[in-house]
Structures are given as C-alpha cells and as structure tokens.
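Peer 1: Here it is, the structure, as structure tokens.
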Amino acid sequence: MALESARKFALQNAVLHEGKADAKAVLGRLLAEDAALRRRAKQAAAYVERVVADVNDLGLETQRAELAAIAPELLEKIRPDVGPKELPPLPDAVDGAVVLRLAPYPSGPLHIGNARAFVLNDAYTKRYHGKLLLVFDDTIGSEDKPLLPEAFEQVKEGLDWAGVEYDDVLYKSDRIPLHYEWAEKLLATGEAYVCECDAETLRKNREAMRACVHRIQDVDETIAMWKAMLAGEYGEGEAVVRLKTDMAHPNPAFRDRVLFRVAVREHPRVGTRYRVWPMLEFSWAVDDALLRITHVLRGKDLVMEDLMETRIWDILQVDRRPRFVHFGILRFKDLELSKSRYRKEIAEGRLTGIDDPRTWTLQSLRRRGIRPAALREFVLSFGLSLNDIEVPAETLYAENRKMI
C-alpha cells in the first residue's frame, strides 16, 4: 500500500468534510481500489488511522493545497463545492471609500512569502473600487537589516509584474516632521517619556513589572530630554522615547515599548538629515490616521502593532481609525526565504542575482515562467483565514499549469 494513495484519499475526504477525514471512509476507498489489501485489513486499518490522524492535524487550507500538489485530479472532482473561497466582506467597508495600504520594508525585493499581503490588499481594493497606497516603511532600519537604495525600485518592479495597482507612492522618510509633531503632542500628555536606561535594566524592569526612574519624571523634564535627542546630545542607545503602558501587562514585550530611538546611520533617501527615528508602530499610528486608511490587512503575528496604535489613538483622542483585519502566515515547505541570506550569496557569486530561481523573489518567479494570474489565484484559493498555511511550492506550479 503506497503512502501517497492513503494520504491523497485522506486529504480528499478531509477537504470534503471541513477538514476532518473519516478513517473508515478512507479505508473503504483503499480496499475498493486494491482488493488484495483485504487479506491485510487489520494492518491496513491501523496504517490508515495514523495517516488520517496526521492529515486531520492540518488546517483545511493546507489540506487543500497539499491535495492540489499530489493529486490535483481529486481536487478537481470536488472543486465546485470547496473551490477557491470568495473573500469575506471587509467590516464596515463602503464601496468607493475604502483606502488600504501596502507597507514594504525596502531591504530587498519582495518574495513569495510576501504574496498573501499584497494580493489580498489588491483584491479588496479592486472589489470595493477603493484606493491602494504604496507606503515604503523606510525608517532607519538596523545594522542587521539595512535599507538598500535599489530595493525601492525592486519592490515596485515586483508589484507591477504581479498586477498590483497602487494609486500613490509615499515614503516614511518624507514624513518624519509629522511624526515629530505627534511625538510632542504625546509627550505633552505625560503618557510617554524619554528613558536613558540600558537594555539590561529595561529587561529586568519589565520582568519585575517595575517602572524605571524616568517614567515618573515631570513633563517639562521629558520635553527637555526630547529636545536634547533632536539636538544630537544623545548617541545611539543612550536615550529612547517610551510609551506608558501597563507594566503588569501579560505580555512583557508590551510594557513601555519604544517609540523613537537615536540612529546616526546614513539613510539612502534623506542622508543624515534626521538622527531620531520613529519605530514602525508609532509611524503607523500617525500615518494610518493622517492618510485616512480605512482597513489595515496584516498578518496575525503583528497584533502587537494593533495594540500600540490603539493605545496612541486613545491617548490623543483620534476618532477616525482603521479596522484591523488579520490573516495567517503562508509558508512553503523546505524553502528558506531570507533576504539577508541571498544578498550574501549574490555578493559571493553563488547566486546570479535577484532573479535567480533559488531566491524565490517575484523577479525569480517571472524567470521561472510563473504567471501573475497563477500567483494571484494561488493566494486567493486560501481565502482570508487566520490559519497558518504550509504548502509545497508544487502547489503554485500546479496552479500555473492550468494557465499554460
């Protein structure tokens, strides 16, 4: 009895029954296919039980994706009932008034792992005849994850190939004065402060749910320290701006998170014009409000950003707020999607460039012969689900073959 025979029948049965395969039904299918198995029915039943248990541990989208990869003919038989789901409506969406945004970090070109975010945003924009903004998250970055000058055009090139239609392009680095204005409003409320504690002290305070000495300083002192940060009187790591949150919050990472930090690296667009840079969470609290974003579609791993934005809006009494909509993470079996790794291997000559098929960038998909429509249908077939999905790359190829 071949493993793939039991598994493909289990997958088909699971997809037919909302993600839960029935071992007896799968065994019956196998025995009908191969009568010789009846002589070993007891062993076959035990084997099927193990396969079904494994399949039932997968999410429905993952089951469907694996079935498409190993036995697409079985999926075709049930596609009319369980085929690609229509996306659910966005909460409180008004046709013609939806404003969404893409937020790529320009450390390299987009890759296949980014596909779920940009395809969903594009699909909903078109569904509601809305507006899609391409807003580069080009705050200063880090030594480990630097901004790359060429990445801005690489991102746009990938989105254009994928058929994503954005209405305007903006850059966080052009909006820093706006972020400073909001920072000063926040500091004036006393709900944020400048902190000089080192990382180890912060860690210990968070673990102990203990406020540091800077948290209780008066607003005038905080404003003076902020001005000193802007004037260049602090070096990197010597001072940050923190948001006051609940020091007893169940998630230690949420306790008094950083809003601004000092960084003296040169920025590829604005050089050394700024040395105090917002963290992405703060920048989005500002820009989601000012750009009148109606819905933020993001991975469920970014729920912390929701909490931070909401806390800032509550303090500053921002009434017009977007709705947050989350989706699960799309992963690919046996693929390492690492921009830093392939940058290193390109520099060493082990990869030919960003379109080398081994990088899995959008440029490499084009070189592989993947059609943009296939990528789109592949992503949309999973719908808008909180389930994490892990699929073999063959699933994308199977979708592509339908269009050739």
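Peer 1: Can you name the helices (runs of 4 or more DSSP H) wholly within segment 320-404 that have at least 3 residues being closer than 18 Å to residue 109 by Cβ and charged (D, E, K, R)?
Peer 2: 339-347, 362-368
Peer 1: Determine which member of the set 294, 310 is closer than 30 Å to residue 168 by Cα, assigned by TED's automatic domain parsing to the domain that holds residue 119, buried (at least 19 other Cβ atoms within 10 Å of the Cβ) and polar (S, T, N, Q).
Peer 2: 294
Peer 1: Could you grab me the full set of residues in segment 286-306 that are assigned to a helix (DSSP H, G or I) and within 16 Å of the chain's Cα centre (by Cα)?
Peer 2: Hits for segment 286-306 are 300, 301, 302, 303, 304, 305, 306.
Peer 1: Sort through 332, 282, 254 and tell me the only one that's on the phi < 0 side of the Ramachandran plot and in contact with a Ser or Thr (Cβ under 6 Å, 6 or more places away or on another chain).
Peer 2: From the options 332, 282, 254, the qualifying one is 254.
Peer 1: Further, regarding this structure: Take the residues in segment 252-261 that are within 17 Å of residue 184 (Cβ to Cβ) and either touching a helix residue (DSSP H, G or I) at 6+ places or on another chain (Cβ under 7 Å) or not assigned by TED's automatic domain parsing to the domain that holds residue 236 (or both); name whichever of them is surrounded by the most Cβ atoms within 10 Å (Cβ to Cβ).
Peer 2: Ranking the candidates gives 260 first.
Peer 1: If you don't mind, another one. Looking at 264, 276, 270, 241, which one is touching a Lys or Arg at 6+ places or on another chain (Cβ under 9 Å), of a type in the set (Val, Ile, Thr) and surrounded by fewer than 19 Cβ atoms within 10 Å (Cβ to Cβ)?
Peer 2: So the residue among 264, 276, 270, 241 that is touching a Lys or Arg at 6+ places or on another chain (Cβ under 9 Å), of a type in the set (Val, Ile, Thr) and surrounded by fewer than 19 Cβ atoms within 10 Å (Cβ to Cβ) is 264.
Peer 1: Considering only segment 112-222, give the helices (runs of 4 or more DSSP H) lying wholly within it that have at least 3 residues that are among the small types (Gly, Ala, Ser).
Peer 2: Those helices (runs of 4 or more DSSP H) span 115-127.
The values are calculated or read from the model by the stated rules, or taken from the named source; none is laboratory data. Here the structure is a predicted model, which means the values were calculated and not measured. Please note: Cβ atoms are built from the backbone with ideal geometry, for glycine as well, and neighbour counts cover all protein chains shown.
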